[in-house]
Amino acid sequence: MTDIIQLLPDHVANQIAAGEVVQRPASVVKELLENAIDAEATEIKLIIKDAGKTLVQVIDNGKGMSVTDARLSFERHATSKIKSAEDLFQLNTKGFRGEALASIAAIAHVELKTKRPEDELGTAIEIEGSQVKSQDVSVTPTGTSVAVKNLFFNIPARRNFLKSDTVELRHITDEFHRVALAHPNIAFVFYHNGGELFHLQQENYRQRVVHIFGSRTNEKLVPVEEETEVLKISGFVGKPEYSKKTRSEQFFFVNQRFIKSPYLNHAISAAFEGLLKTGYHPSYFLNLTVDPKTIDINIHPTKTEIKFDDEHTLYAILRSAVKHSLGQFNIAPVLDFEHQSSLNTPYSYKDKAGKAPTIEVDRSFNPFADDTENPKKTTSSGHTHFKKAPVANWESLYVGLESRENNPDDEFSAVSFESDPKTESIFSGDAVEANKTTFQLQQKYIVSTLKSGMLIINQNRAHQRVLYENFLKHVTIKEATSQQLLFPLQLHFTPNESKIIKDLKTNLEHTGFAFSELSETDITITGVPVGVPESEVSSIFGQLISDVENDVPDTNFSAADLLAKSMAKSLAIKSGQALNHTEQEHLVNSLFACKEPNMSPTNKPTFITMSVDDIEKKFM
Ligand code: ADP
Ligand code: MG
């Protein structure tokens, strides 16, 4: 047999290598922005068309390149940033592999224009799929412009694999956030399809955070400052009551490089211990400065993970610094049980003229129901709401119940957010419940008898199923009724989050939501689906955003499905919620009226049965 091993042709090897550096348009954005920063630019412009599929361009006012360097910059392993392996341990630049431009040029049409301050004229180079098409002298401002067009033009499989513009733009925006946050001393502008998404001046770190995440972020930031021999920390954590269901506001920068570190993230969570509801994540924007010798950023090709020499010490310092800040700024004792809900004015009420009170009769009022809990002060995202009186007509399931969210598994929720005494009302046994066919176990399960044995229903999952089918019907049949809000509800989001909601607008409207404003950062809601308590709206949107971020819907059908699931998750009766007999029965009946009663919307069993045989076996 003849020998069979061959060297790959260069252009194939280049394309393969390129695949490691460039996964999507956002990777190009990251590499080009980092090159501009390494070139000591003070102003950087990012121009995107069609979520980067048509164009990614970065223009900087940095130090530019000579004619030879301009040509060399596209060679693989051509870098001005390190000269020897030792330099790897002294890195002060973002790049060092000399791979980015070569990789990008292998799979796109690239136009480079560059000029050094000391030169009269600059250089323009055009490359397509690693082939230099032209090189000219060019009249161009000092600095560098790199335009990357038609990404993956020669790898159709890769191109077809790109997600929708929404998704790709979200990735780009994420990269932009990371770079812009790490460098508040650099001015950035970011355009997409001709529209300006961000315009950031040179500013301090607090201003940068606020300009990226919206003006209402300011009130939630708690400064963290610490300086020790091994580590300097500066930046902010978000107050606990502004914690989010997503991890979208968690940023560590080590020596101005964005990194992901589950270990250090744990240090922050530990500092917040006891202050957060389960499922909520603290926001943080923290800059760590360490000696470059003590880190190895080389372990991950896309460089978001790094290895520290002494992680344990960093962990301890970080945790105590954050804890200290939370304590110092009086965050830790948010156990503000005395807080009067009547003093809580929803944000949107602020500028409103007074209105004569109207008389409301709460027909669902049940003097025997447990009504001792205090109103929640603020929701996860910081919007102030009144806790409404129990909403009557959603499902009779809710009668006499507040839509509280206390979960006995969540040992902290009672301490941190709600002063909900766990003591049951002495009446909760409900003396009239004579002919019970169901009872509640651990405030979590509903147990009922069957002819052939016993049925145990998980109340949370069962209710999710009921709500899910109900919402799905509305979204797809489009005949939900909306209940007009007396005062429009204004919610504040990041541009990314608003985009998600905008994309789902039609679906949301079909379930009964109505909007009067959908801007970059503000969403004004004028109507909600009948029976959805206003106090839950913010949490529904939070859930929805986090679900979309985790499972991006591709089609309208799956968007509707996802919306129905998110709403069901947000609104379903939780474990830990006491249900009276009528409520239990109603839930059981509604569950078995469903099309697929066996499974929750997330495909977990809603109930189990135990036959008499099973029971008898246990007694053997
Ligand atoms: P690396 O950044 O790892 O060195 P790149 O392929 O990204 O590799 O860039 C190669 C070289 O091209 C850099 O080392 C730098 O000398 C030069 N270069 C790239 N972009 C710029 C820019 N915007 N301004 C000045 N020089 C640049
Ligand atoms: Mg680079």
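Below, the figures for the structure above:
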read-out	value
Where GLU311 falls short, out of the listed (1) over 19 Å from LYS94 (Cβ atoms); (2) surrounded by fewer than 19 Cβ atoms within 10 Å (Cβ to Cβ); (3) of a type outside the set (Lys, Arg); (4) in contact with a Lys or Arg (Cβ under 7 Å, 6 or more places away or on another chain)	(4)
Number of positions in segment 187-219 that are modelled with pLDDT under 90 and either of a type in the set (S, T, N, Q) or closer than 16 Å to SER248 by Cβ (or both)	5
Candidates SER84, SER73, SER80, SER66, filtered to the one that is within 16 Å of ligand 1 (Cβ to nearest atom) and surrounded by 20 or more Cβ atoms within 10 Å (Cβ to Cβ)	SER73
In segment 66-91, the residues that are touching an Asp or Glu at 6+ places or on another chain (Cβ under 9 Å) and within 13 Å of ligand 2 (Cβ to nearest atom)	ARG76, HIS77, ALA78, THR79, SER80, LYS81
Any chance LYS53 is within 13 Å of ligand 1 (Cβ to nearest atom) and in contact (Cβ under 8 Å) with a residue 40 or more places away in the chain	no
Subset of segment 561-596 that is closer than 30 Å to ASP503 by Cα and assigned to a loop (DSSP other than H, G, I, E, B) - its residue that is most open to solvent (accessible area, probe 1.4 Å)	LYS595
Checklist (1) open to solvent by 20 Å² or more (accessible area, probe 1.4 Å); (2) in contact with a helix residue (DSSP H, G or I) (Cβ under 7 Å, 6 or more places away or on another chain); (3) not hydrophobic (A, V, I, L, M, F, W, C) applied to GLU509, failing item	(2)
Which numbered condition VAL56 misses (of (1) of a type outside the set (Asp, Glu); (2) within 15 Å of ligand 2 (Cβ to nearest atom); (3) open to solvent by 10 Å² or more (accessible area, probe 1.4 Å); (4) over 21 Å from LEU91 (Cβ atoms))	(3)
Hits in segment 27-44 (condition: within 10 Å of ligand 2 (Cβ to nearest atom) and farther than 18 Å from HIS171 by Cβ)	ASN35, ALA36, ILE37, ASP38, ALA39
Residue match in segment 191-199 (condition: within 16 Å of ligand 1 (Cβ to nearest atom), without any contact (Cβ under 8 Å) to a residue 12 or more places away in the chain, among the acidic types (Asp, Glu) and more than 16 Å from LEU32 (Cβ to Cβ))	no
Test: residue in segment 239-252 that is closer than 24 Å to THR313 by Cα, in contact (Cβ under 8 Å) with a residue 40 or more places away in the chain and of a type outside the set (S, T, N, Q)	yes
Lone unmet requirement of (1) open to solvent by less than 20 Å² (accessible area, probe 1.4 Å); (2) in a loop (DSSP other than H, G, I, E, B) for ILE525	(2)
Every residue from segment 470-498 that is crowded, with 20+ Cβ neighbours inside 10 Å and among the acidic types (Asp, Glu)	GLU497
Strands (runs of 3 or more DSSP E) lying entirely in segment 142-233 (those with 3 or more residues that are buried (at least 16 other Cβ atoms within 10 Å of the Cβ) and touching a Lys or Arg at 6+ places or on another chain (Cβ under 9 Å))	143-149, 187-192, 221-227
Residues that are open to solvent by 10 Å² or more (accessible area, probe 1.4 Å) and either in a strand (DSSP E or B) or within 16 Å of ligand 2 (Cβ to nearest atom) (or both), drawn from segment 97-122	ARG97, GLY98, GLU99, ALA100, LEU101, HIS109, GLU111, LYS113, LYS115
Residues that are open to solvent by 20 Å² or more (accessible area, probe 1.4 Å) and of a type in the set (S, T, N, Q), drawn from segment 1-37	THR2, GLN6, ASN14, GLN15, GLN23, ASN35
Only listed residue being outside the structural domain of VAL179 (by TED's automatic domain parsing) and surrounded by fewer than 14 Cβ atoms within 10 Å (Cβ to Cβ), chosen from ASP296, ASP291	ASP291
Residue check, LEU587 in contact (Cβ under 8 Å) with a residue 60 or more places away in the chain and over 22 Å from the mean Cα position of the chain (by Cα)	yes
Flag for VAL146 being touching a residue at least 12 places away in the same chain (Cβ under 8 Å) and touching a His at 6+ places or on another chain (Cβ under 9 Å)	no
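The values are calculated or read from the model by the stated rules, or taken from the named source; none is laboratory data. Predicted, not measured: the structure shown is a model, and the values here were computed from it. Neighbour counts run over all protein chains shown; Cβ positions are idealised from the backbone, glycine included. To get the accessible areas, we keep the full protein, side chains included, count just its heavy atoms, and leave off ligands, DNA and RNA. Shrake-Rupley method; radii C 1.70, N 1.55, O 1.52, S 1.80 Å.
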